[in-house]
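Notes follow the structure.
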Amino acid sequence: MSIRNFNSLFDPGSVAVIGASLRPGSLGAIVLTNMAEGGYAGALWPVNPKYDELLGVRCYSKVSALPNAPDLAIICTPPATVPGLIAELGARGTRAAVVLSKGLDETRSGGKSARQAMLEAAKPHLLRILGPGGVGLLAPHSGLNASLAEGGAKAGKIAFVSQSDALMAAVLDWARLHGIGFSKFASLGERADIDLGDLLDFLADDSDTAAILVYMENLACARKFMSAARLAARAKPVIVLKAGRDASDPVYDAAFRRAGMLRVHSTEDLFDAAETLAHARALRGERLAIVANGGALGTIATDALAYADGKLAPLSPETVKLLRAAQPEVAAHGASAPQNPFQLGGAATPEQYVAAFEALLREPQVDAVLLIHAPATGVDASRIAALLAPLARGSGKNVLSCWLGGASVAGARRVFAEAGLPSYDTPEQAVRGFMQMAQYRRNQELLMEVPGQFPPGSKPERAAARAVIAAAMAEGRQVLEPEETRAVLGAYGIRMAEQGSAPPPHSDELAIGVHDDPSFGPVISLSPGGPAGARARADARVIGLPPLNMVLARDLLERSGLGDGGDAVCHTLIQVSDLVADTCELASLSIDPLLAGRDANGGGDGGVLALGARITLGAPRASYRLAIRAYPQELEQEVQWQGGPLTLRPIRPEDAPQHVEFFARIDPDDVRLRFFSAMRELQPAQLARLTQIDYDRAMAFIATRVGSGGRPETLGVVRAVADPDNQHAEFAILVRSDLKGKGLGAILFQKLVEYFRSRGTAAIVGEALSENGGVQQLVRRFGGTVSPSPEPGMANLLLKLQA
């Protein structure tokens with residue numbers, strides 16, 4: 001994965017249009033016109049030997065005639081010419097190109113395709129290529145329209161990435177009609193070099209982008225995508241429209257959920273979600289209050305909420321009393337107590353709207369408010385909006401609105417839009433927007449939630465399982481014998497019933513499966529088990545991506561609707577996940593039925609017992625077959641320190657409780673030196689980010705030992721995150737304050753240096769307060785350098801890792 005030279009792609013100082021033309025309908029004519037009319041302020045250089053001038057701009061005969069190397073080249077020439085142009089541009093110093101030419105795969109020269117020749121020509125110069133094919137890209141904030149999309153795009157805060165040329169053009173038309181702007185807009189084309197993972201990585205850190213929209217059809221590299229998607233989704237909303245519903249669709253659902261992204265199923269929902277989430281506050285819960293100036297409107301919204309499994313907020317007696325005061329003419333007729341949805345009369349005054357809004361926004365059981373207003377004679381919708389907008393902005397809660405009608409409510413919509421409050425055309429659309437918020441909240445919580453500890457004594461007997469599998473592979477057998485299957489599952493703590501033994505009473509029949517998905521590799525399924533379950537399995541099956549922890553396993557179980565979420569089933573799912581991660585020869589696994597026993601009260605956790613199981617093997621595959629890298633147990637190491645054993649190992653999500661205790665034993669001044677600010681405690685989101693890392697691009701090693709109470713304790717941690725180009729890994733280190741000066745920091749730093757050196761990272765870098773002499777001395781001790789930072793009071797740290 002790399003975002004090298006992406007600034008040349010999206011914010012170039014000069015652009016060459018190679019193959020520029022005046023021939024109507026040609027690629028070169030369309031692109032040159034778009035660039036000339038898009039407001040681009042940099043140097044624009046048409047290249048074509050047939051012209052001296054195009055659109056009043058000097059035209060150059062060839063690349064070598066250009067005054068300088070262009071930052072970006074847009075290539076619109078026949079496919080056979082592309083490799084040579086890329087080689088020439090790269091040699092001159094160009095570092096990014098949009099190749100709009102198509103047919104490179106079909107064009108061959110010297111025994112290779114033009115596509116392959118193009119990539120080989122770009123590689124020595126690190127020249128990045130968008131395409132070939134596709135529609136190109138737009139960066140409206142830079143006035144750049146390096147695309148075939150006529151009319152350009154308005155500048156905004158939404159990025160759009162598409163695998164479809166036709167959809168890209170349609171979306172641009174739709175967005176212009178609705179006044180929606182973009183920060184970046186890119187068509188991936190054939191993805192010879194730059195792919196979806198690269199763009200997600202770039203957009204995650206793009207200050208112009210508040211939300212990312214993705215239209216995708218398939219994936220070439222699932223691990224790269226998942227790594228970038230998880231990073232991006234932690235930073236900003238990422239909404240995906242995935243085309244085509246096939247056998248892999250539930251796996252894509254599971255992947256998007258795992259990454260913290262939101263999936264939608266229509267273009268309209270895609271933009272509704274982006275507009276909603278870009279302005280939304282974090283939901284504390286999912287209870288919605290509805291206020292409408294008509295009974296039918298409230299009923300329509302309530303029905304839509306019920307259909308989507310949403311929740312109406314209950315109202316306290318105090319709120320009911322305030323709402324009754326907001327509709328005195330209704331109360332005067334002896335109407336029943338106000339309820340949710342709350343109905344304001346058709347002639348309600350702006351002051352009554354304000355009173356109702358204030359009451360609902362103060363209600364602690366209300367997490368969000370939906371206002372539905374239909375035109376009413378003598379009622380000024382714009383004034384209502386002007387009074388409600390400041391209340392909504394200052395409340396800390398999400399407020400959605402539906403201003404039904406046309407010209408009479410246009411002013412009200414404008415007021416809410418200027419306040420950054422989402423408005424919808426219909427009550428159903430508004431409810432859908434709220435449910436998108438709710439689903440996004442669930443996915444983000446799953447991304448951030450800290451798992452509980454796995455029970456002690458549950459470490460797999462990997463060597464025993466390995467021996468059984470190796471023996472079968474040596475004999476050329478793909479299906480394990482029943483006793484071999486029992487031995488492998490037993491090594492991972494999964495108990496199988498002995499032949500002739502009676503199943504436990506009061507148990508649910510489940511089925512756990514593992515199969516290979518073409519895009520994401522091994523996936524784990526949970527479904528009803530036994531003969532009855534087989535008939536319903538296709539519709540009832542839920543999918544999860546390994547590796548699993550307790551949070552992810554419990555989510556899988558809850559989504560399945562099977563049982564009440566007993567820990568024993570969750571543990572079994574994790575044990576299966578461990579087996580998948582450890583066994584590169586595993587082709588498929590089926591445990592059916594798995595009996596999940598109930599306790600004396602009818603609840604879960606009565607234990608599990610596998611009645612039937614089958615394991616098939618295949619050719620060994622590399623570890624990257626998993627879409628998400630599993631915990632790298634091979635990096636665990638035991639060393640001697642201060643006269644006793646100390647374990648150095650990668651951090652795990654389950655280390656969160658010890659990490660809280662560790663942080664509590666850090667002196668405030670040491671916290672300030674590490675985090676550059678005073679912090680009393682770690683917030684849940686911070687704790688999740690520190691303990692739930694992407695082992696593919698980040699690493700954190702902890703020093704841990706068994707404490708006096710027999711519980712593990714964390715003594716220190718060192719971490720670093722590599723950039724997508726693997727050039728630099730930015731590090732930080734923290735040792736428990738009472739253990740400083742005893743060599744622990746050097747032990748941890750040595751572990752980090754060895755790891756990043758082995759993965760080919762060019763250098764470890766960092767920032768430190770100038771007064772932090774300890775970390776500066778540590779870097780110098782390892783041969784690194786310390787230099788003043790342009791930022792006052794800071795120092796830059798650098799340790800080169802490669803010769």
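Which count do you get for residues in the stretch 169-227 that are in a helix (DSSP H, G or I) and either modelled with pLDDT of 95 or more or within 22 Å of the chain's Cα centre (by Cα) (or both)?
15
Here is the figure for the stretch 168-220: residues that are closer than 24 Å to ARG697 by Cβ, aliphatic (A, V, I, L, M) and surrounded by fewer than 20 Cβ atoms within 10 Å (Cβ to Cβ) total 3.
Tallying residues that are within 22 Å of PRO427 (Cβ to Cβ), surrounded by fewer than 23 Cβ atoms within 10 Å (Cβ to Cβ) and either in contact with a strand residue (DSSP E or B) (Cβ under 7 Å, 6 or more places away or on another chain) or polar (S, T, N, Q) (or both) within the stretch 347-356 yields 1.
If only residues of the stretch 362-377 that are touching a helix residue (DSSP H, G or I) at 6+ places or on another chain (Cβ under 8 Å) and buried (at least 20 other Cβ atoms within 10 Å of the Cβ) are counted, the one that is farthest from ALA296 (Cα to Cα) is GLU363.
When the stretch 27-50 is filtered for residues that are farther than 15 Å from THR77 by Cα, touching a residue at least 40 places away in the same chain (Cβ under 8 Å) and of a type in the set (A, V, I, L, M, F, W, C), the ones remaining, listed by number, are MET35, ALA41.
Of the residues ASP52, ASP71, which is charged (D, E, K, R) and closer than 30 Å to ALA722 by Cβ?
It is ASP71.
For the stretch 116-138, the candidate set comprises residues that are over 30 Å from GLY151 (Cα atoms) and among the charged types (D, E, K, R); within that set, the residue that is modelled with the highest pLDDT is GLU120. Just so you know, in the stretch 541-597 the residues that are in a loop (DSSP other than H, G, I, E, B) and acidic (Asp, Glu) include one that is nearest to ASN443 (Cα to Cα), and it is ASP564. Annotation: of all residues in the stretch 672-681 being within 29 Å of the chain's Cα centre (by Cα) and within 27 Å of PHE756 (Cα to Cα), the one that is modelled with the highest pLDDT is ARG674. On inspection, THR647 fails the criterion of being closer than 30 Å to MET496 by Cβ and surrounded by fewer than 19 Cβ atoms within 10 Å (Cβ to Cβ).
Among the listed residues ALA282, ALA273, which satisfies the condition of being in a loop (DSSP other than H, G, I, E, B) and of a type in the set (A, V, I, L, M)? Steps first, please.
Details: ALA273 fails: in a loop (DSSP other than H, G, I, E, B).
Only one candidate passes the filter, namely ALA282.
Each residue in the stretch 474-488 was checked for being assigned to a helix (DSSP H, G or I) and either surrounded by fewer than 18 Cβ atoms within 10 Å (Cβ to Cβ) or among the aromatic types (Phe, Trp, Tyr) (or both), and 4 of them qualify. For the stretch 554-565, the criterion of being over 18 Å from GLY493 (Cβ atoms) and modelled with pLDDT of 95 or more is satisfied by no residue at all. Looking at the stretch 295-312, is at least one residue assigned to a loop (DSSP other than H, G, I, E, B) and crowded, with 21+ Cβ neighbours inside 10 Å? No, the stretch 295-312 contains no residue that is assigned to a loop (DSSP other than H, G, I, E, B) and crowded, with 21+ Cβ neighbours inside 10 Å.
Being over 25 Å from ALA768 (Cα atoms), at pLDDT below 95 and touching a Leu at 6+ places or on another chain (Cβ under 6 Å) narrows it down to one residue among ALA581, ALA627, ALA619, ALA600; which is it? Break it down into steps so the answer makes sense when it comes.
On the way: ALA581 fails: touching a Leu at 6+ places or on another chain (Cβ under 6 Å); ALA619 fails: touching a Leu at 6+ places or on another chain (Cβ under 6 Å); ALA600 fails: touching a Leu at 6+ places or on another chain (Cβ under 6 Å).
Exactly one residue qualifies, and that residue is ALA627.
Scanning the stretch 253-294 for residues that are within 23 Å of GLN343 (Cα to Cα), polar (S, T, N, Q) and surrounded by fewer than 20 Cβ atoms within 10 Å (Cβ to Cβ) yields no hits at all. Filtering ASP696, ASP655, ASP669 for residues that are of a type in the set (Asp, Glu) and surrounded by fewer than 17 Cβ atoms within 10 Å (Cβ to Cβ) leaves a single hit, ASP669.
Here is a check on your reading of the model: is GLY745 assigned to a helix (DSSP H, G or I), at pLDDT 95 or above and assigned by TED's automatic domain parsing to the domain that holds THR785?
Values: assigned to a helix (DSSP H, G or I): yes; at pLDDT 95 or above: yes; assigned by TED's automatic domain parsing to the domain that holds THR785: yes.
Yes, satisfied.
Looking only at the stretch 728-748, residues that are touching a residue at least 40 places away in the same chain (Cβ under 8 Å) and on the phi > 0 side of the Ramachandran plot come to 1 in all.
So that you can scan it fast, the table gives a plain yes or no per residue for (1) touching a helix residue (DSSP H, G or I) at 6+ places or on another chain (Cβ under 9 Å); (2) assigned by TED's automatic domain parsing to the domain that holds ILE158; (3) of a type in the set (D, E, K, R); (4) without any contact (Cβ under 8 Å) to a residue 24 or more places away in the chain:
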{"site": "PHE225", "(1), (2), (3), (4)": "yes, yes, no, no"}
{"site": "ASP253", "(1), (2), (3), (4)": "no, yes, yes, no"}
{"site": "TYR307", "(1), (2), (3), (4)": "yes, no, no, yes"}
{"site": "LYS311", "(1), (2), (3), (4)": "yes, no, yes, no"}
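LEU609 meets the conditions (1) within 30 Å of GLY716 (Cβ to Cβ); (2) in the same structural domain as VAL576 (by TED's automatic domain parsing) in every case but one. The failed one is (1). What single numbered condition from (1) among the polar types (S, T, N, Q); (2) more than 38 Å from the chain's Cα centre (by Cα); (3) surrounded by 15 or more Cβ atoms within 10 Å (Cβ to Cβ) fails to hold for GLN339? In the conditions (1) among the polar types (S, T, N, Q); (2) more than 38 Å from the chain's Cα centre (by Cα); (3) surrounded by 15 or more Cβ atoms within 10 Å (Cβ to Cβ), GLN339 misses (3) alone.
Return the residue satisfying two criteria in turn: it lies in the stretch 1-31 and is assigned to a helix (DSSP H, G or I) and touching a Gly at 6+ places or on another chain (Cβ under 9 Å), and of such residues it is surrounded by the most Cβ atoms within 10 Å (Cβ to Cβ). Steps first, please.
Filtering the stretch 1-31 down to residues assigned to a helix (DSSP H, G or I) leaves 6-10, 27-31.
From what is left, the residues that are touching a Gly at 6+ places or on another chain (Cβ under 9 Å) are 27-28, 31.
On the way: LEU27: 21, GLY28: 23, VAL31: 28.
Looking at the filtered set, the residue picked out is VAL31.
Scanning the stretch 413-428 for residues that are touching a strand residue (DSSP E or B) at 6+ places or on another chain (Cβ under 8 Å) and surrounded by 17 or more Cβ atoms within 10 Å (Cβ to Cβ), we see that the one that is farthest from ILE372 (Cα to Cα) is ALA417. Within the stretch 326-342, track down each residue that is modelled with pLDDT under 90 and in contact with a helix residue (DSSP H, G or I) (Cβ under 6 Å, 6 or more places away or on another chain). Selection gives ALA326, ALA331, ALA337, PRO338. The single residue among ALA471, ALA381 that is over 26 Å from ARG284 (Cα atoms) and buried (at least 17 other Cβ atoms within 10 Å of the Cβ) turns out to be ALA381.
The values are calculated or read from the model by the stated rules, or taken from the named source; none is laboratory data. A quick note: this is a predicted structure, and the numbers were derived from the prediction, not measured. FYI the Cβ positions are ideal-geometry reconstructions off the backbone, even for glycines, and counts take in every protein chain you see.
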